[in-house]
Amino acid sequence: MSGTQLDTGTDRRQFLGRAAATGASVVVGGSAIEALVPSIAVAHKGGKKRDLEILGAAQIAEALAVTTYTNIINTAPFFTRLASDDQGYLKAARQEEMSHYLLEEGVTHKPSPFTAFYYPPKMFTDAQTTLNVLVTLEDAFIAAYLVGVRDFSTADLRVTAARIMGIESDHRTLARVVAPGVATQDGGPIEAVTGIQKKAESVDPPNNNGYERTLRWLTIKKAVEALTPFADKTAAAKAGFDTSKSYKFEPFMPTLPEALGEFHSFLG
């Protein structure tokens, strides 16, 4: 996929500013969220600011993820012709991303400042484009949460970032599992998928990482740079995205596939 980086810093600053300053308090998630709040409260002043900046960017990423999975399920023609287990992955991923979003929103007490997203042309009509973008996003989410593992100011937040990153890694692999199952009439089987590094990679094997890719992102600003075209219309136009239509983020209360896999506490 082309155009996921910006050539100016203006949109990145606006993105971070809105992530930090927009929204009202929302209380959701019960004890799971209550467990996270002390980690923010005990952070030193500089650390707390950095923690909230990372969490704000992560919320936007999760809202984008929910919107992406929702529209694949509801509008992409190839989805209906996938095997039931591949459909099940996409449906479960939607629930999981929404759970991540609500956990983070419960800590920041701010909803996502971005509630509509833009995509490259043919995003939901061409299966190859859909999977390229999906893997690109999961690549970005993995690297972004690894920034959290590196930079969060408390151990509890770092472990939480690692736990969410593991799920994003599942999603990346499973998106690559789906590719060979795309029906012939939808352009399948798809044998290679292009992620954020813009290199077509064989889907055999789908789990092709020995180690998660950091993309050499040392700050959350790199994640912001990659995601801004999806959230900002001006940046989307510069990136060659289709700005004739935006896709609304519609929150919901998720049901995770397995109770044992819910957040519960920092101890799991």
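Please treat every number below as a calculation from the coordinates, not as lab data. None of these values were measured; they are calculated from a predicted model. Because the Cβ atoms are built from the backbone with ideal geometry, glycine has one as well, and the counts that use them run over all protein chains shown.
Annotations
- Scanning the range 106-125 for residues that are assigned to a loop (DSSP other than H, G, I, E, B) and either in contact with a Gly (Cβ under 6 Å, 6 or more places away or on another chain) or on the phi < 0 side of the Ramachandran plot (or both) turns up K110, P111, S112, P113, F114, T115, P120, P121, M123, F124, T125.
- Entry remark, the range 161-197: residues being closer than 27 Å to P257 by Cα and of a type in the set (S, T, Y) number 2 in total.
- Residue pairs meeting the criteria (Cβ under 9 Å; at least 6 apart or on separate chains; first more than 19 Å from A239 (Cβ to Cβ) and touching a residue at least 40 places away in the same chain (Cβ under 8 Å), in the range 184-206; second part of a loop (DSSP other than H, G, I, E, B) and among the acidic types (D, E)): D186/D126; G187/D126
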